[in-house]
Structures are given as structure tokens and as C-alpha cells.
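Here the structure comes first, spelled out in C-alpha cells, and everything after it is commentary.
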Amino acid sequence: MFTEPQRFAQHASKTVPPADVQKVTGTSAPAGNAAADADRAPTSALFLTGLFLAVGGFLWAAFDTPPNQQQAQALIAKDAVTEEVSAPESLGFLPALLGDAPILERLTGSPETDLNLVADDWLRRGDTVETLLTRLGVEDPVFLDWARQSGEVREAFASNRSTRATVSYLPDLGVQALTLRWPDTKNKGHFLRLTIKAARETGDANPDIAPVNRFVATTESVPYTPNTRLASGVIESSLFATTDAANIPDSIAMGMAEIFSNDIDFNRDLRKGDTFAVVYEILEADNEALETGRILAASFTNKGTRLNAIWFEQNGRGDYYDLSGVSTRRFYLASPMEFSRVTSSFSKRRFHPVLKVNRPHLGVDYGAPTGTPVRTVGDGRVVFAGRRGGYGNVIEIRHDSQSTTVYAHLSRIFVKRGQRVERGERIGAVGSTGVSTGPHLHFEHRVNGVHKDPAQMAKRSRATEVDRQHMAAFKAIADTATTQLAAARQVHLASAE
């Protein structure tokens, strides 16, 4: 049943005896009369002398003879029996030597020894229980039949989130346990853990019937264990190329681009030699990283200027602040998409690709595939959500008594008129409805009905600050974060050297 043993961590419950363990047993002679004993005295004395010499020679051979010679020697004495048991330091050569011999007999010589095999892997798109077990080298038709009918298993495999699977397996008995872990989308800060265990049942009525496996499944929501990681890098070509090389998650790279987006245009402003350092959370499930948490602190040096961002919560809401306590974010996000490509900027005069005339382009176009999420750049209320002429599907949001933003050519709309939205909330998806040459988002910012350059509006929008009563707590967190960022930069330098 076991097809790929090298993929597993093997845990044998039987201990192999150490090399050169010797066991000596002797016999004793019955007592006789005194005369006979006297006649035998010289002989006994000679025998005892010889015995002492033999034992002394044995001890010298055991402790002073080279190991390869010790294994070749045998001690044979009258009325004594010696056994030698030797075990190699490594069993790795045995499968090749023994060929198709049963696994348990190869490793221990005893088919009764339980050999527990464990393997784990990430679920892949389209995976089923059968494809997972096949990839891990496990065969168990009984377990597969049960799993195909389990609603808990179907739910776990249907999850489109990161899912980690761990299988425990016995060659003669099949799957003993399967554990699946994936993020709990309904309970923030938790993951779901599905545990399936085999319960062996014996036929009491007929002891000749071999034990069979029955399976019990339980699902529970478990809190993550957060762990802090430090990382840094030097820009060679792009932010994502550098973070990939440093094994930094994409979500952290996008988070840094978002945090510093009001001060750095990551499409145009990056220079070779720019550096960054970041402190971020990893959310662990049963001591294994399952999700990436938030960025706790970050610094970015662009064109010789270092920018800092520290995560701090006040009044029930968190944000990123520089070392002086001023928010790194503005009231408006720099872009209505997390990471996008500007295909047409704000301009008073532009040749329209559809109408074939020169006319003002009073917004910014972002190229992206159909379905790419679109977010609101600031807090506000939806004043329009529907279809409007050449704009196609469009959303308009009022942020205050003067400012509104417009999101056009959408393929889908996720909000309704009158709905309250928060900065960064997803409101729709990129499309090509209305007068459009292809999938993109057309974005406008208006003040009292007059079109303004969205990029400039984001940079000039007011910033928040840490409240005076929370400044002491912020300073303490900022000092710790500054030390961690310095350590992150040193980690990079050490690895580079």
C-alpha cells in the first residue's frame, strides 16, 4: 500500500539494539567430598588461572580492539555462551538492498512493529482527497470511500484559501489521521482545523476477522499564534523582484507600496540602490505559517530620503504614522486599485482613442484585467451606482460637502445607492462597459463639480495625527519598532556578505 516511503518522516516504535552487545551465561558444578576436592585443587587452581586470563583477554579485546575487528571476533569458552547483536548507524541503504521485502521487515525484521509515517503538503487548485494522497504516496481505498461521502471533507477541499494538509499513515492499516487547516473567514484571527482520526474496530463476535478502520471527523475554529519576522532588501529592478528574491510575501510588498504610495510613485520613482526594511506578522496554525498578518513597521529609502511607518491603534482604529506621529496616509488613497498601471493621466488635452478627436481627459485611466477589484479612495457615501451613458457601469461617492469621486467602465458593482463605505473598501470590478477600447478603470475626482487631478488631490489631502493623550504610548511602540527595523537592515547586510 505504501508507494513512496522516502517522502515521509519515519517514526519506529521499536528500538534497535546497539552494536556489540554481549550476553554471557555460565554453569556451576555440584559440590563433592573434601578428599576429592583436595585432589582436584591443583587442577582447579590451574583452571581458575586460565579463566582469569581468558576473561582479561576478552575485556582487552572488547575495549582495545578496533571496532571492525571486534565484530569479527567470537568468544568461545567452556560452559559459556556469547551472543552478538550489531546494528548499522543508518538504515538508508536497506530498501535498495532488500528490494521488494515488506517495509516493516526491511526496517525491523518484525511485521508486528508499528511504523508511523507522516507527510504534509499545501492543497492545490482542483485537488481532491485522492489526488492529495496520490501525491503523498499513500494508498487507502477504504479511507477514500469514506472521504468522498464526508461533507466536512468536501467543505475543506472547496475552500479557495491556503489549506495545509497533514497525513499520518501506517503501511498495514492505512490512513490513521488527516488534518486540514485553512483561514476562518468568518472569525478574524482564527483558522479552521478539520481533524479526521481512524478508530480501529475489532470483530468481537468473530476474532478471526481483521480490525478495520472507522473514521471520526471534527472541525474547530482555533486562534492563530502570531509571530514576528524581519526582512529587508535593496532595489535592483522593481519592488516585487526584490521581495521575491528575499522570500517576502507579495501581500507585504503590496502593503509597503500602499503605505508609502502618497510619497513614492512605485511605477516611476524607484531607483536602483533604494532600500527598505520591514517588520511583519506571520500567523501560525499549529506551529506552521498559514497566513501573513499586518505590517508592524516599515522604512523605505528612496532617492536618499528615508520614510518610516509605524502601526498604531487609537480610539479603536489603527493607522500608520511616521516617527513624529503624523499619518503616512492621507485622507485619500493614491490609487483606487491596490497595484495598478496608469495608461492615461489627467490632461487638459488628449487624443481620444474612440472618438478620434482631441479633448480634455479629466481623470486617470488604470489598465487591468476584467474583474480586478476596485476600491474607494476615501470614506464616504454612495450617491450613484448604475449605468450612465459612455461611462457604462459607474459608481459615484461623496466624501464631504465638496468632494466626490467617480469609478467608471465597471464590469460589476458591489454597492448600492445610500450605502456608507470606508477608505479601501471594495466597491466594484474592472470592466469595459460604455465607451471603452478594453478593460480599464476610469477614475475622476471632482471638487464642487470641477474636475481635479486625482494624484494631486491625494497628496494634498489632510493627514491625521496621533492624539496628544496617546503620544506616550506611541513613542514607546515607535522606539521598539525603530530597533527592530535597524536589526532587519543588519540581517540583510549579514546575508549579503
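List of remarks:
- Some residue of the stretch 357-379 being over 25 Å from residue 266 (Cβ atoms), modelled with pLDDT of 95 or more and among the aliphatic types (A, V, I, L, M): no
- Residues of the stretch 88-146 that turn out to be at pLDDT 50 or above, part of a helix (DSSP H, G or I) and surrounded by fewer than 11 Cβ atoms within 10 Å (Cβ to Cβ), as a count: 2
- For the residues 405, 433, 437, the requirement of being in contact (Cβ under 8 Å) with a residue 40 or more places away in the chain, closer than 15 Å to residue 375 by Cβ and more than 37 Å from the chain's Cα centre (by Cα) singles out 405.
- In the stretch 174-202, the residue that is farthest from the chain's Cα centre (by Cα) out of those that are surrounded by fewer than 17 Cβ atoms within 10 Å (Cβ to Cβ) and in a loop (DSSP other than H, G, I, E, B) is 202.
- Residue 389 being touching a residue at least 24 places away in the same chain (Cβ under 8 Å) and either within 22 Å of residue 267 (Cα to Cα) or within 36 Å of the chain's Cα centre (by Cα) (or both): no
So that you can scan it fast, the table gives a plain yes or no per residue for (1) of a type in the set (A, V, I, L, M); (2) part of a helix (DSSP H, G or I); (3) more than 26 Å from residue 314 (Cβ to Cβ); (4) touching a Cys at 6+ places or on another chain (Cβ under 9 Å):
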position: 446; (1), (2), (3), (4): no, no, yes, no
position: 456; (1), (2), (3), (4): no, yes, yes, no
position: 459; (1), (2), (3), (4): no, yes, no, no
position: 462; (1), (2), (3), (4): no, no, no, no
position: 469; (1), (2), (3), (4): no, yes, no, no
position: 484; (1), (2), (3), (4): no, yes, no, no
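- Counted residues, the stretch 290-321 - those being over 17 Å from residue 266 (Cα atoms) and surrounded by 16 or more Cβ atoms within 10 Å (Cβ to Cβ): 14
- Some residue of the stretch 401-412 being in contact with a Phe, Trp or Tyr (Cβ under 8 Å, 6 or more places away or on another chain) and of a type in the set (S, T, N, Q): yes
- Verdict on residue 217 being modelled with pLDDT under 90, of a type in the set (A, V, I, L, M, F, W, C) and surrounded by fewer than 18 Cβ atoms within 10 Å (Cβ to Cβ): no
- Single residue of 466, 421 found to be without any contact (Cβ under 8 Å) to a residue 60 or more places away in the chain and not assigned by TED's automatic domain parsing to the domain that holds residue 266: 421
- Residue in the stretch 270-277 that is under 28 Å from residue 443 (Cα atoms) and in contact (Cβ under 8 Å) with a residue 12 or more places away in the chain present: yes
- Pair list, Cβ under 8 Å, 6 or more apart: the stretch 231-260 residue touching a residue at least 12 places away in the same chain (Cβ under 8 Å), other residue hydroxyl-bearing (Ser, Thr, Tyr) and surrounded by fewer than 20 Cβ atoms within 10 Å (Cβ to Cβ): 232/275; 233/275; 234/275; 235/275; 249/292; 251/292; 252/292
- Test: residue in the stretch 324-335 that is part of a strand (DSSP E or B), of a type in the set (S, T, N, Q) and free of Cβ contacts under 8 Å to residues at least 60 places away in the same chain: no
The values are calculated or read from the model by the stated rules, or taken from the named source; none is laboratory data. Please read all numbers here as calculations on a predicted model, not as lab measurements. Neighbour counts run over all protein chains shown; Cβ positions are idealised from the backbone, glycine included.
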